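Working notes for the structure below.
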Amino acid sequence: MTTTPRRLAAALLALAGASLPPAARAQPTGTGEVHGRAYAAADRAPIAYALIRLSAGGVAGAGRTAISDQEGAFGFAAVAPGTYRLSLERIGYATELSEPFTVAEGQSVERMLASRPNAIALAPLVATPECRSARDLDRNPRLAALWREARKAIETARAFQDGYRYAYEQRLYYSTNTRDAPLDSSVSRVVNDPRVPWENRDRTQYRWGWGSGWGWADRLDLHLEVPDGREILDPAFLTTHCLEGDAAQTEEGFELGFRPLRPRRGRIDIRGVMRVDRRTLQVKEIELEYMADRTAFMEATIVYQDVQVPGGTIRLPAGMTFAGHPVREVLRQPVSGQVRFVNYSGLMKIDPAAIRRR
């Protein structure tokens with residue numbers, strides 16, 4: 001039994017990266033820079049760990065990202081001359097978008113971003129027979145609103161993940177569900193490097209053994225990919241899967257159910273529930289099942305926790321537990337165990353120009 005939680009564990013880098021001060025770098029010839037501060041409009045208190053996006057062309061959208069520090073400061077170096085806009089996203093605050101501005105060669109542009117607290121008071125979701133995909137998510141406004149807010153909690157971790165190289169230990173413990181079965185364990189070192197693009201795990205096709213997508217199997221081994229919240233909340237995921245609201249909402253939180261739009265024969269897929277805190281709209285845990293065609297064969301729970309860092313709190317995944325029976329292609333007894341992620345080291349900032357876009 002093996003797992004590869006590369007992307008899940010990558011979010012833990014936020015703990016190390018958040019406390020690093022912005023590095024002073026020489027400005028390349030022919031470029032400018034953009035810097036500023038994110039603060040609360042009411043009292044000008046800094047907004048720490050907000051996701052700041054710099055979009056080219058004067059329109060909002062994809063672009064370079066930065067994280068505001070504990071004083072709300074942010075900056076972008078080596079900005080090519082042109083027209084840009086800044087946007088701010090932070091759980092508990094309204095999304096803000098600046099007016100278009102220009103950056104000239106050698107110019108240092110300062111822009112402030114003020115935001116107001118955004119109390120999300122969503123009514124309980126209502127379970128319906130429909131499961132909404134990317135094409136029709138907006139037909140359920142409550143579900144679409146919750147999905148958009150929950151994505152903000154994931155984007156901060158993604159900005160760190162896409163900007164730093166680092167290593168960590170994956171510790172796996174498992175045993176077969178037979179009497180007096182020994183506890184097996186393994187420790188492996190995993191390196192995250194944003195310069196090496198990851199494949200889309202939902203669409204990966206394996207060339208050996210059986211299966212694709214979220215895992216593969218041969219006669220002796222079962223390999224499962226561990227999804228993270230960012231992937232499940234990504235619009236691309238909603239082209240192969242759909243979301244549904246669960247009727248069992250509580251005062252503490254919402255549940256976002258997800259499942260495949262249709263069975264994909266010969267591959268391993270996932271379905272489950274993402275639990276979101278009602279007050280903060282951050283992920284609490286992901287409970288899922290691995291499926292072979294239409295049949296679930298393994299249950300898993302990914303647990304998140306709050307970690308206090310200078311200037312605020314970040315929600316991080318702590319690990320995963322699992323239990324079930326491997327697919328029929330694997331000659332193994334039912335297994336159960338857990339995965340933990342520890343000993344992060346070798347943090348190194350990566351030049352955005354060296355990153356191959358995924």
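Miscellaneous remarks
- Using θ = phi - 60° in the Karplus curve 6.51 cos²θ - 1.76 cosθ + 1.60, the 3J(HN,Hα) couplings for the stretch 107-114 round to 8, 10, 9, 10, 9, 9, 10, 9 Hz; x is entered for Gly and Pro.
- N177-T95 FRET efficiency (beta carbon distance; Förster radius 45 Å; 0.05 resolution): 0.40
- With each label modelled as a point 7 angstrom along the Cα→C-beta vector, the D293-A45 pair spans 5.7 nm.
- Here the extension length gained between V190 and E130 equals 17.6 nm, from 0.36 nm per residue of separation less the Cα-Cα distance.
- Amide H contacts of V109 (H built 1.01 Å from N, under 5 Å, at least 5 apart or other chain): E33, V34, H35
- Summarising the label geometry, the points placed 7 Å from Cα in the beta-carbon direction at M348 and D138 lie 4.4 nm from one another.
A short reminder: the numbers here are calculations on the coordinates, not readings from a lab. Note that the coordinates shown come from a computational prediction; the quantities given were computed from them, not determined experimentally. Note: ideal-geometry Cβ built from the backbone for every residue, glycine included; neighbour counts use all protein chains shown.
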